[in-house]
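Everything below concerns the one structure shown next.
The values are calculated or read from the model by the stated rules, or taken from the named source; none is laboratory data. As the structure is a prediction and not an experimental result, all values here were calculated from the model. Positions of Cβ are generated from backbone atoms using ideal geometry, with glycine treated the same way; all protein chains shown enter the neighbour counts.
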Amino acid sequence: MKKLFGTDGIRGEAGKFPLDVETIRIIGSSLARQFEERTGDSASFISGRDTRESGNWIEKAFYEGAISAGAECTSAGVITTPGIAYLTTSENFDAGIVISASHNPFQDNGIKIFLPTGKKISHETEKQVEKDIHNGSQQIPNNIEQSVDYSKVTEFQQKYLSHLENEFNGLSLEGLKIVVDCANGASSNLAPRLFKRFGANIVSIFNEPDGKNINKDCGSLHLDKLQAKVKEEKADFGVAFDGDADRSLFVDDKGDLVDGDATLWVMAQHLQNEGKLNNDTVVATVMSNIGLQVALDSRNINLLRTSVGDKYVLQELINTNSSVGGEQSGHIIFPKRSLVGDGMQTALYLLEALQATGKSLSEMKQGFTQFPQILVNVHVKEKLPFEEVPEITKSAKEIENELGDTGRLLLRYSGTENLARVMIEGKVQAEIENQANRLAKVIEFALG
């Protein structure tokens, strides 16, 4: 039976398996039945979506399946992933359903499910959904729109924004000019409103979604436009979100990029200064740059690495009772506030740190130097364990010997796509590019 759930739910091209109408209905009915079996009561779901044109019909298909199995369903409309995670808890829903493919292009979409704890559903629940899909469809009516509650969309959005505002009570952004790149995604109608509540002068870009322009040459994967706008506006701070705003990347007052590693460095310093960095520990993934390790070492701060994926970062944060963790991509988690990464919350945390120190972002990130790094993606037909392919292990060992103690090689598969990822860090960019491309060709020949 094919595994459909990746590290961040089910994701694929909208309209094609497993994101075709029939399969989505099965997902909805399977989840509704499983929750009712566990609690003895009808399941209650809240859903939200980003701005992709496929979001409406995917939400509708999910509801058709869920309601046919007795669930009560409420929509929060277009809202961020962390917005749904918050509302699932605060409004006492059994689960929150997010319809988004995050940073992917508009043709893709996805479904991820949150529990009231902030965690995603268990592997057992995922396996049962996959089993139900494998076993085939049921007769599910397709005319149940009137059974879905769409009446509280505005109220839910307001509650989420007020929640973030209250979390940072006392934060003043008066006198600051902030450029906000909304990626034409879920934050388009939310982020500018939020930062204005704190008194900032806001310049919004890419906040006019049309269903097809989400993440297109904008947002957290395309920061050149944000950099140019920060410089043009002589702004103090720039922030870019991805399509569902669970992550954020930044541009400092000099127009330089501030990625997730640099953000962890700034926040680690601030929390340590405030006596709030539990165990003097930061959690990151195997993809985080060696430069973060070096910077944290200078402050006697421990760096714990996990597998790639926010759920692994979260689990380690919980296991070690640590205060902050995240990914280079800008997915940062502050477990004392939320178990879900929230791009808008991260931006406010960063701005709070700047206010507390009286420093600019460019000043706060000093001490962090990013080592040259390259990431090469290779399309593969199957995800065989690398150690079972002799030519790959031989090439990888040769490169590791070349790197010695001055770099590192990481080989992994994407959790959502048929991609092998080759990541190399070292002292000289040209050398690691040559090494990564060399290994990529070996992988392509063996598995492509």
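Of the residues making up segment 1-60, those that are surrounded by fewer than 20 Cβ atoms within 10 Å (Cβ to Cβ) and aromatic (F, W, Y) number 2. Candidates in segment 31-89 are the residues that are assigned to a loop (DSSP other than H, G, I, E, B) and polar (S, T, N, Q); of these, the one that is nearest to the chain's Cα centre (by Cα) is T80.
Within segment 292-329, if we keep just the residues that are in a helix (DSSP H, G or I) and among the hydroxyl-bearing types (S, T, Y), the residue that is farthest from Q373 (Cα to Cα) turns out to be T320. Answer yes or no as to whether K365 is within 30 Å of G175 (Cβ to Cβ), in contact with a Ser or Thr (Cβ under 9 Å, 6 or more places away or on another chain) and modelled with pLDDT under 95. No: the conditions fail for K365. Inspect segment 354-376 for any residue being within 26 Å of the chain's Cα centre (by Cα), surrounded by 15 or more Cβ atoms within 10 Å (Cβ to Cβ) and more than 30 Å from D236 (Cα to Cα) and give the result as yes or no. Yes: one or more hits.
Looking across L384, L351, one residue alone is under 28 Å from the mean Cα position of the chain (by Cα), of a type outside the set (D, E, K, R) and closer than 30 Å to D244 by Cα. It is L351. Picking from residues in segment 289-308 that are more than 22 Å from the chain's Cα centre (by Cα) and among the hydrophobic types (A, V, I, L, M, F, W, C), the one that is surrounded by the fewest Cβ atoms within 10 Å (Cβ to Cβ) is V294. Filtered by the rule that a residue be surrounded by fewer than 16 Cβ atoms within 10 Å (Cβ to Cβ) and at pLDDT 95 or above, segment 134-162 gives T154, E155, Q158, S162. Among the residues of segment 90-128, those identified as farther than 19 Å from G12 by Cβ and part of a loop (DSSP other than H, G, I, E, B) are E91, N92, F93, D94, L115, P116, T117, G118, K119, S122. Within segment 337-349, can one find any residue that is touching a strand residue (DSSP E or B) at 6+ places or on another chain (Cβ under 9 Å), within 15 Å of K276 (Cβ to Cβ) and either modelled with pLDDT under 95 or surrounded by 15 or more Cβ atoms within 10 Å (Cβ to Cβ) (or both)? Yes: segment 337-349 contains one or more residues that are touching a strand residue (DSSP E or B) at 6+ places or on another chain (Cβ under 9 Å), within 15 Å of K276 (Cβ to Cβ) and either modelled with pLDDT under 95 or surrounded by 15 or more Cβ atoms within 10 Å (Cβ to Cβ) (or both).
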